[in-house]
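*Asks:* Would you mind keeping the following structure in view while I ask a few things?
The values are calculated or read from the model by the stated rules, or taken from the named source; none is laboratory data. Everything quoted here is computed from the prediction, not taken from an experiment. A quick note on method: Cβ atoms are made from the backbone with ideal geometry, for glycine too, and the neighbour counts reach across all protein chains shown. The area values use the complete protein model at the heavy-atom level, side chains included, leaving out ligands, DNA and RNA. Shrake-Rupley method; radii C 1.70, N 1.55, O 1.52, S 1.80 Å.
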Amino acid sequence: MNIKALIVDDQGMVRAGLRMLLDVEPDIEVVAEAGTGIEAVASAARYRPDVILMDIRMPELDGLEATRRIFAADEDAKVLVLTTFNHDDLVYEALRAGASGFVLKDEPPEQLVAAVRTIAAGDALLSPSVTRSLIAHFTKDRREPRPAALDTLTSRELDVFRLIAAGLSNAEIGRELFISDTTVKTHVTRLLRKLQVRDRAQAIVMAYHHHIFETR
């Protein structure tokens, strides 16, 4: 089954480049393009893509507000934010808006393709540079009260949560804890349900917003 992708960017050459990159993949199909945030909202509603590649800086309606409107209409939408800006506030606002991933445009093409597949599979993705930026942003922020949901987590779920917050993938978590990928997925599913968050990206936001795990 093909992954249906919507490309949103105000630069036509960027959209064309992304389409060429994705269309050669046997499991990915670009079903539409949008040059503004307003077009993105309309295209998301019309084509119901599996993954929306969303630029941040756009005329008429920026990517952050477009993401908010898309999620208001479809809470199951999956947005992968693309930007040339590695700014703390953009990372934070994109994740708070509901984005499942955040990738810088200057990363290698194969990483972008892998990111689309990761988001389509229901996982969240943050590049290492973005994770470091997020940590730096929240360690300067004031400490928030500890969420009561943390008390419902088992010790193993807390271990998994800590590694998710550090930006590790399921495979990396499995190697770190010496457990199978299937077991990791089970722990992640239970963890997200107990924390009442939609995906790993939202869990990471919670972890750093509340300073759940001390970072150096």
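*Asks:* 7 Å from Cα along Cα→Cβ at both L61 and A121: what's the point-to-point distance in nm?
*Replies:* 3.2 nm
*Asks:* Percent of accessible area on the range 1-113 owned by carbon and sulfur, 1.4 Å probe?
*Replies:* Exposed carbon and sulfur together represent 50 percent of the surface.
*Asks:* Still on this structure, I have one more. Over the chain, average the accessible area per residue using a 1.4 Å probe and give it in Å², no decimals.
*Replies:* Here the per-residue accessible area is 50 Å².
*Asks:* Rounded to the nearest 0.05, what FRET efficiency do A171 and F213 give with R0 = 22 Å and r taken as the Cβ-Cβ distance? Could you check?
*Replies:* Taking R0 as 22 Å, the efficiency between A171 and F213 is 0.60.
*Asks:* Taking 7 Å along the Cα-to-C-beta vector as the label spot, tell me the M20-R96 distance in nanometres, rounded to one decimal.
*Replies:* My value for the distance between the label points is 3.8 nm.
*Asks:* Quickly estimate the mean residue ellipticity at 222 nm for the chain, helices only: each DSSP H run with n ≥ 4 gives -39500 (n - 2.57), and the total goes over all residues, rounded to 500.
*Replies:* Only helices count here, giving -16000 deg cm²/dmol.
*Asks:* Now a separate question. Calculate, for R162 and M13, the FRET efficiency according to 1/(1 + (r/R0)^6) with r their C-beta to C-beta distance and R0 45 Å; round to the nearest 0.05.
*Replies:* After rounding to 0.05, the efficiency reads 0.60.
*Asks:* Residues of the range 7-22 with the amide nitrogen closer than 18 Å to a label point 7 Å from the Cα of A114, along Cα-to-Cβ, please.
*Replies:* 21-22
*Asks:* So for the chain: antiparallel DSSP bridges make up what percent, rounded to the nearest 5?
*Replies:* 0 percent
*Asks:* What FRET efficiency comes out for the pair E29/D151, r = Cβ-Cβ distance, R0 = 45 Å, nearest 0.05?
*Replies:* Plugging the Cβ-Cβ distance into 1/(1 + (r/R0)^6) gives 0.50.
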